[in-house]
Amino acid sequence: MPSLGKFNSLTITELAPEGAYLDGLELGEVFLPHAEVPADASANSVISVFVYLDSKGVATATTKQPHAQVGDFCLLRVKEINSTGAFVDIGIDKDLLVPFNEQGPKLEQGRSYLIHFYLDKASGRMCGSTKLNKFLDKTPANYIPLQEVDLIIAGKTDLGYKTVVNQSHWGIIYHDQVFRPLFPGQKFKGFVRKIREDNKLDITLEKPGMEKIDSLSQKILDELNKQNGFLALGDKSDPEKIKKLFATSKANYKKAIGGLYKQGLIEIEATHISLK
């Protein structure tokens, strides 16, 4: 069944000078403007399009890639604010409305916010919300420790960084687990450290166990090779310098260089390491 606010594979029923008409099934006829009709398109061919309602409520398609689809959390910039609400850029001709009652706090023009993209049940129109709690932690947190997950940074707190986990749950990355600059909207992989009683998740950015150390060891060897076999980070070096170069803790760095030493690959001194 085709869905508004998402990509759908639809069949072209008619090609006309103004564009193509697509079979939207339950959505009815869907119009694709001429400028976006592929050169090799023909009647009865199937095309992948993003479908939305235009300002007149007509089902319209685009082949452009939007920044987000219905159900996504995404960092989006406010283009305009009027009496209806804030309109944010999603990368297509149609902007996304964030109604005033879905803003918390009030949005400002030109700034970017982490927004949840949803369909308004009453009107069927695409809308956005910054009240993220409404859309998260609605299902059981069925994760296992050390499971790899997708993360989107939501913001900074006294404890660390709030993050959206797998588009479904809240997680937190504590300050002592952060070894790289983080900012709202940033996306990357992480790992579940712990599932708390409140169903929220403690998250780490580094690979757990020996797999993490092995990955770091390779980074250290690569850096040594780039620096002609010498690196001014040893057993007693400043943790902040280690964090800046390798985005890891001093404890992990010491474990990694210790493993390389045992393999006979490097020499370790207080202020530096070197290739053998």
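The values are calculated or read from the model by the stated rules, or taken from the named source; none is laboratory data. This structure is a prediction, so every number in the text was calculated from the model and none was measured. Cβ sites come from the backbone with ideal geometry, for glycine too, and all protein chains shown count toward neighbours. Note: accessible area is taken over every heavy atom of the protein model, side chains too, but ligands, DNA and RNA are not part of it. Shrake-Rupley method; radii C 1.70, N 1.55, O 1.52, S 1.80 Å.
Residue by residue through the range 161-192, note down the ones that are part of a strand (DSSP E or B), surrounded by fewer than 19 Cβ atoms within 10 Å (Cβ to Cβ) and of a type in the set (D, E, K, R).
Residues satisfying the conditions are Lys187, Lys189.
Gly110 - would you say it is among the small types (Gly, Ala, Ser) and more than 17 Å from the chain's Cα centre (by Cα)? Show your work before the answer.
On the way: among the small types (Gly, Ala, Ser): yes; more than 17 Å from the chain's Cα centre (by Cα): yes.
In short, yes.
For Ile195, are the conditions met, namely being surrounded by 15 or more Cβ atoms within 10 Å (Cβ to Cβ), farther than 30 Å from Ser112 by Cα and over 23 Å from the mean Cα position of the chain (by Cα)?
no
Of the residues that make up the range 85-107, is at least one buried (at least 18 other Cβ atoms within 10 Å of the Cβ), touching a helix residue (DSSP H, G or I) at 6+ places or on another chain (Cβ under 8 Å) and in contact (Cβ under 8 Å) with a residue 60 or more places away in the chain?
no
Mind listing just one residue for me: the one in the range 213-251 that is assigned to a helix (DSSP H, G or I), open to solvent by less than 20 Å² (accessible area, probe 1.4 Å) and more than 18 Å from Pro181 (Cβ to Cβ) and, of those, modelled with the lowest pLDDT?
Looking at the filtered set, the residue picked out is Ile213.
Starting from the range 1-24, take each residue that is farther than 13 Å from Ile47 by Cα and of a type in the set (S, T, N, Q) and list its partners that are open to solvent by 10 Å² or more (accessible area, probe 1.4 Å) and at pLDDT 95 or above, counting only C-beta distances under 8 angstrom and pairs at least six apart or across chains.
Once the first residue is farther than 13 Å from Ile47 by Cα and of a type in the set (S, T, N, Q) and sits in the range 1-24, its partners that are open to solvent by 10 Å² or more (accessible area, probe 1.4 Å) and at pLDDT 95 or above give Ser3/Val70.
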